[in-house]
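Enquirer: Below you will find the structure I want to go over with you.
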Amino acid sequence: MTDRTVLVTGGTGGLGGAVTAAFLRAGWRVVVPEREGGETAPEPSGPVRVVADLLTPEGATRAVTVATAEAAAPLRAVVNLVGGYASGGLVHETPVEEFERMLRINLRPTYLVTQAALPHLVAAGGGAVVCVSARAAVAPFPGAAGYATAKAAVQAFANAVAVEYRTRGVRCNTVLPSVIDTPANRAAQPEADHRRWVPPAEIASVIHFLAGEESAPTSGASVPVYGRA
């Protein structure tokens, strides 16, 4: 029997699968929102899946409602993985619509899900929020101003949550990956030295640590998870 729940957005992605597996191994009840598909009862060793569009307040609320449905396993952690990357030209070559799209898909779900979950985390006696930014937030590279700005905004938002809720028992930290060693990234960069990239399972271990009681003194941290990249 599990006695605590974690809500993992983006839990079906390359990093999300590793994060979900890490929490399941540790005995957590894991809720994973999906944009489409059928909702089914979880397998004995699998996550609870819920259809929810996290770009909308209604979808975020729906995901949190499922995550808080088990009184015996209160929501104690939220892991915000949903996001996306797109490269383009330099700033003067990038339409504002593309710039705003990066903000929308990286920042909006993180804000809406965290906003919906915070009252429940406080009511449960505290918990943790872990957000995923990127190294680009602190070390931008050409052609990705929208992405770098969006990930910097995620980092700033997490720091704001850490300050606002530190007296209410809720911690908030951020991890900053470099290039994650996923099949999609390997396909996009076949000539890269993949040995320098960070494996999803290693990032998942850091996220699990930040969500658990072992990291109780830590809030407002931005943790680099660069591997050797």
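Enquirer: Can you tell me how many residues within region 209-218 are open to solvent by less than 50 Å² (accessible area, probe 1.4 Å) and part of a loop (DSSP other than H, G, I, E, B)?
Expert: Residues in region 209-218 being open to solvent by less than 50 Å² (accessible area, probe 1.4 Å) and part of a loop (DSSP other than H, G, I, E, B): 2 in total.
Enquirer: If we scan region 11-25, do we find a residue that is touching a strand residue (DSSP E or B) at 6+ places or on another chain (Cβ under 6 Å), of a type in the set (A, V, I, L, M) and farther than 21 Å from Glu202 by Cβ?
Expert: No, region 11-25 contains no residue that is touching a strand residue (DSSP E or B) at 6+ places or on another chain (Cβ under 6 Å), of a type in the set (A, V, I, L, M) and farther than 21 Å from Glu202 by Cβ.
Enquirer: Can you tell me which residue among Gly46, Gly83, Gly13 is modelled with pLDDT under 95, in contact with a Leu (Cβ under 8 Å, 6 or more places away or on another chain) and surrounded by 17 or more Cβ atoms within 10 Å (Cβ to Cβ)?
Expert: Sole residue among the options that is modelled with pLDDT under 95, in contact with a Leu (Cβ under 8 Å, 6 or more places away or on another chain) and surrounded by 17 or more Cβ atoms within 10 Å (Cβ to Cβ): Gly13.
Rundown of residues vs (1) farther than 23 Å from Ser178 by Cα; (2) among the hydroxyl-bearing types (Ser, Thr, Tyr); (3) in a loop (DSSP other than H, G, I, E, B), yes/no style:
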residue: Leu54; (1), (2), (3): yes, no, yes
residue: Gly59; (1), (2), (3): yes, no, no
residue: Val64; (1), (2), (3): yes, no, no
residue: Ala71; (1), (2), (3): yes, no, yes
residue: Glu98; (1), (2), (3): no, no, no
residue: Leu103; (1), (2), (3): no, no, no
residue: Asn106; (1), (2), (3): no, no, no
residue: Pro109; (1), (2), (3): no, no, no
residue: Gln115; (1), (2), (3): yes, no, no
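Enquirer: For Ala134, only one of the following conditions fails: (1) free of Cβ contacts under 8 Å to residues at least 60 places away in the same chain; (2) more than 13 Å from Val78 (Cα to Cα); (3) more than 15 Å from the chain's Cα centre (by Cα). What is its number?
Expert: Against the list (1) free of Cβ contacts under 8 Å to residues at least 60 places away in the same chain; (2) more than 13 Å from Val78 (Cα to Cα); (3) more than 15 Å from the chain's Cα centre (by Cα), Ala134 comes up short only on (3).
Enquirer: Looking only at region 33-40, decide whether some residue is farther than 29 Å from Ala123 by Cβ and at pLDDT 95 or above.
Expert: The answer is no, given that none of the residues of region 33-40 is farther than 29 Å from Ala123 by Cβ and at pLDDT 95 or above.
The values are calculated or read from the model by the stated rules, or taken from the named source; none is laboratory data. Note that this is a predicted model, so its numbers are computed, not measured. Methodologically, a virtual Cβ is constructed for each residue, glycine included, from the backbone with ideal geometry; neighbour enumeration extends over all protein chains shown. To get the accessible areas, we keep the full protein, side chains included, count just its heavy atoms, and leave off ligands, DNA and RNA. Shrake-Rupley method; radii C 1.70, N 1.55, O 1.52, S 1.80 Å.
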